[in-house]
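Down below is the structure, laid out as structure tokens.
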Amino acid sequence: MHAYRLSDGQQMWIRPIEPGDAWRIQEGVRHLSADTIHRRFLAAKPRFTARELRYLTEVDQVNHLALVAVSVATGRLVAVARCVRLPDEPDAAEWAIVVADPLQGKGLGTHLVRALADAAMAQGIHRFRGTVAGENRAVLRLLAHVTDRFEASLPSRGTREVVVDL
């Protein structure tokens, strides 16, 4: 577990996700704006099923890695970053991140993606791939803070592909 201070002074713990975080994940998605939900899930997502919560929280931290950010002040889970190794490309993983609306733009995403990249590289993952909403320029700004080794396709049919070399 690592502590980070955001640009506004708030402190966050970043740690591996645990099965006991399922209720925190469910609570967190209810507090996301429609725009943030669309940027993360590319569709409406009002809640998770029990099966989805198991998948999201019961990870092996080898082929499916997930980290959470928890507010030191409130104990609330405020962000999640994850990657899942691609079966046909074992040194690559599909990745995703979501940060609670009030904390976006304060450096939390950068800390979380860097921590996820470090954890992924320790497991032999050297590339992240992801499909993002075409208008999601925030993810491109985030990646520019993390690495200069990423490519983003032009938007097509509302999405774009992003590849990050770690």
Other-chain or far-sequence residues with amide H under 5 Å of His126's (modelled H): Ala92
Here the net charge surrounding Ser153, from other residues whose Cβ is less than 12 Å away from its Cβ (Lys, Arg +1; Asp, Glu -1), is +1
Given Cα pairs under 8 Å that are at least 6 residues apart, what percent is the relative contact order of the chain? 19 percent
Modelled FRET efficiency - R0 30 Å, Glu135 with Glu52, Cβ distances, 0.05 increments: 0.75
Which stretch or stretches of region 100-116 have amide N atoms under 17 Å from the point lying 7 Å from Arg76's Cα along the Cα→Cβ direction? 100-109
What is the Rg over Rh value, at two decimals, for region 87-166, using alpha-carbon atoms and the Kirkwood definition of Rh? 0.96
With -39,500 (n - 2.57) per DSSP H segment of 4 or more residues and division by the full residue count of the chain, the 222 nm estimate, nearest 500 deg cm²/dmol, is -9000 deg cm²/dmol
Kirkwood hydrodynamic radius of the chain, from inverse mean 1/r over distinct Cα pairs, in Å: 16.0 Å
Got a sec? How would His2, His64 order by Cβ neighbour count within 10 Å, fewest to most? His2, His64
So how far, in whole Å, is the C-alpha centre of region 109-152 from the one of region 86-100? 9 Å
Could you calculate the contour length gain from Glu89 to Leu154, that is, 0.36 nm times the residue separation minus the distance between their Cα atoms, to one decimal place in nm? 21.1 nm
Likely footprinting exposure, Leu140, Leu103, fewest C-beta neighbours within 10 Å first: Leu140, Leu103
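Each reported figure results from applying straightforward, stated rules to the coordinates on display, with no laboratory input. What you are looking at is a predicted structure, and each value in this text was computed from that prediction instead of being measured. Note that each Cβ is placed from the backbone with ideal geometry, even for glycine, and that neighbours are counted across all protein chains shown.
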